[in-house]
Amino acid sequence: MVLRRRVPSSNSLFVMEAAARLGSFSRASEELNITQPAVSHAISLLEKHLGQPLFLRNGPRLSLTESGSRLGQATTRAFASIENVILEIENSAQRSEIVTLSTSTSMATHWLMPRYTRFLERFPDITLQFQLMPIRVHGPLAGCDLGLRSADREESRRLEGLFAPERILVVCSPAYLEEFGPLDAPKRPHTLAHLSEYPVDWSEFTGGTLLDHGYRKLSFSDYSVVIHTALRGHGLALGWTSVVSKLLLDGQLVKASETIIETGRAYHLIAGSPEPRPHVLAVRDWMAGEMLEEERELKARGIV
């Protein structure tokens, strides 16, 4: 690269580009925060170095020569290209502090956000962004840094980032349990909140006979609404402990049946890149550690 030998200084190109683009030495001086004589001096040096005029000065009017027009257009394109690369680099640096997580609406609402203060204490410089799914977590990560995904027993053995087993129990609010009783010994007919289009449903817990006894069913396509129904005391819900663990430990939800189903599947935090950035792995390990502590507490209290 011999460009530096062909111009008196790189600054002269900045001055020339601004003057050509703005059509004025005075406006160029304002943009560059230098004096107008300094602009004139830089242009004169460049013209002397090139051996031909770049601007035609007709009193207060300023116009470009053919050479000046060509150089002005070339420098504007070049500087715009450089600016775009700098912006990309800056944005890349900002993205390095962002972790994008693909998970269910319910997990984000009922598991992650209640401990968001703890997350900020641990990661004050990381911003979370979410790609949310209303029913179940599945499919490709689509550019996300981390994704909560389920795996069968065999696949789970090969995967890293274990988050939680797939375990399901019947839950409700304490007030609902007091009024209606547990699923297995009801005081009044129950309302059963249900996640539509999911392979595990109430038949796994009841043998499919409850509707014959006047029980009602509410079916939702978003699991977060199923949990909200239970929290508001409107019925029983099937609770995946990977979502409702904190609600159980805080006493907002309670068990309403001794039946617990463990499917043999497990949830993993899958990295979206073969070589994830260090803080992506740190977030993954923090989430897995939080869930591990809750698993221990659930077992210690006899909830699972």
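The values are calculated or read from the model by the stated rules, or taken from the named source; none is laboratory data. Keep in mind the model is a prediction, meaning the values are calculated, not measured. Here the Cβ positions follow ideal geometry from the backbone for every residue, glycine too, while neighbour counts run over all protein chains shown. These area figures cover heavy atoms from the full protein model, side chains too; ligands, DNA and RNA do not enter into them. Shrake-Rupley method; radii C 1.70, N 1.55, O 1.52, S 1.80 Å.
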In the list Arg188, Arg265, which residue meets the criterion of being open to solvent by 20 Å² or more (accessible area, probe 1.4 Å), under 27 Å from Leu146 (Cβ atoms) and not β-branched (Val, Ile, Thr)? Arg265
Flag if Phe163 is open to solvent by 20 Å² or more (accessible area, probe 1.4 Å) and at pLDDT 90 or above: no
Could you count how many residues in region 247-270 are more than 30 Å from His234 (Cβ to Cβ), modelled with pLDDT of 90 or more and within 25 Å of the chain's Cα centre (by Cα)? 3
Quick one: would you say Glu97 is modelled with pLDDT under 85, loosely packed, with under 15 Cβ neighbours inside 10 Å and in contact with a strand residue (DSSP E or B) (Cβ under 8 Å, 6 or more places away or on another chain)? yes
On the basis of being at pLDDT 75 or above, open to solvent by 70 Å² or more (accessible area, probe 1.4 Å), in a helix (DSSP H, G or I) and acidic (Asp, Glu), does Glu88 make the cut? no
Does at least one position in region 104-122 carry a residue that is farther than 30 Å from Leu22 by Cα, modelled with pLDDT of 80 or more, surrounded by fewer than 14 Cβ atoms within 10 Å (Cβ to Cβ) and in contact with a strand residue (DSSP E or B) (Cβ under 9 Å, 6 or more places away or on another chain)? yes
Which of (1) open to solvent by 70 Å² or more (accessible area, probe 1.4 Å); (2) out of contact with any Lys or Arg (no Cβ under 8 Å at 6 or more places or on another chain); (3) in contact (Cβ under 8 Å) with a residue 12 or more places away in the chain does Tyr176 not meet, given it meets every other one? (1)
